[in-house]
Amino acid sequence: MSGPIVVYDACVLFSAQLRDLMMHPALAGLCSARWTDEILDEWTRSILAKHAGVSPESVARCRTFMNSHIGDALVVGYEYRTPTLTLPDPDDRHVLTAAIHGRATAIVTFNLKDFPDEILSKYGIEAIHPDEFVVRLLMSRPTEVVEAIRTQRLQLTRPPVDVEAFLTRLERQGLPRTVTLLSQFADQL
């Protein structure tokens, strides 16, 4: 493994395409992804509440896949520290605790305001938007990241998704800088 150790907040796991985008660099060893059962429980509740057509069994299969394919992703034994931390939303403390316990340097989240720099910096952790996270990966290891993303796109077979549609979907996910950079590699995607 090389690359940063990061905790994925539940919000970046919600969308299947974004979740896959977060998973493929980890599967390729470009980063080390971390999460907890608590994060996955939050993700599961959100998926089942907002997508009536998704079955609990399919979410459970996805969760099992995530835990089995990223073998060291599941952070355990962190809970004792959660009550000692302070964040604007107390319900987010478990994410910071997991990052501390999992030795992460970043929490990848859309909810940056919930993880203030002045608190996270005490632990050597930053909150980073998924767009910024992918851009940093692309800037540091473009060939490997493009290949991981190509693998993701090519696995979309029902129906197949061409590069332009794939990038459009990423832009809709809130990743405009990622799309701008990836556009330079469109012939490799």
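The values are calculated or read from the model by the stated rules, or taken from the named source; none is laboratory data. No experiment lies behind these values; they were computed from the predicted model shown. Using ideal geometry, Cβ is built from the backbone for each residue, glycine included, and neighbour counts are taken over all protein chains shown.
Here is the figure for region 79-109: residues that are basic (Lys, Arg) and more than 12 Å from LEU120 (Cα to Cα) total 2. Being under 24 Å from ALA10 (Cβ atoms), in the same structural domain as GLU42 (by TED's automatic domain parsing) and of a type in the set (Phe, Trp, Tyr) is a description that does not apply to PHE166. Within the span defined as region 50-57, every residue fails to be of a type in the set (D, E, K, R) and in contact (Cβ under 8 Å) with a residue 40 or more places away in the chain.
For region 169-178, residues that are under 21 Å from PRO4 (Cα atoms) and part of a helix (DSSP H, G or I) total 2. Name the pairs: first residue in region 113-124 and closer than 14 Å to VAL95 by Cα and in contact (Cβ under 8 Å) with a residue 60 or more places away in the chain, second residue assigned to a helix (DSSP H, G or I) and β-branched (Val, Ile, Thr), Cβ to Cβ under 6 Å, at least 6 apart or on different chains? If the second residue must be assigned to a helix (DSSP H, G or I) and β-branched (Val, Ile, Thr), no pairs are left.
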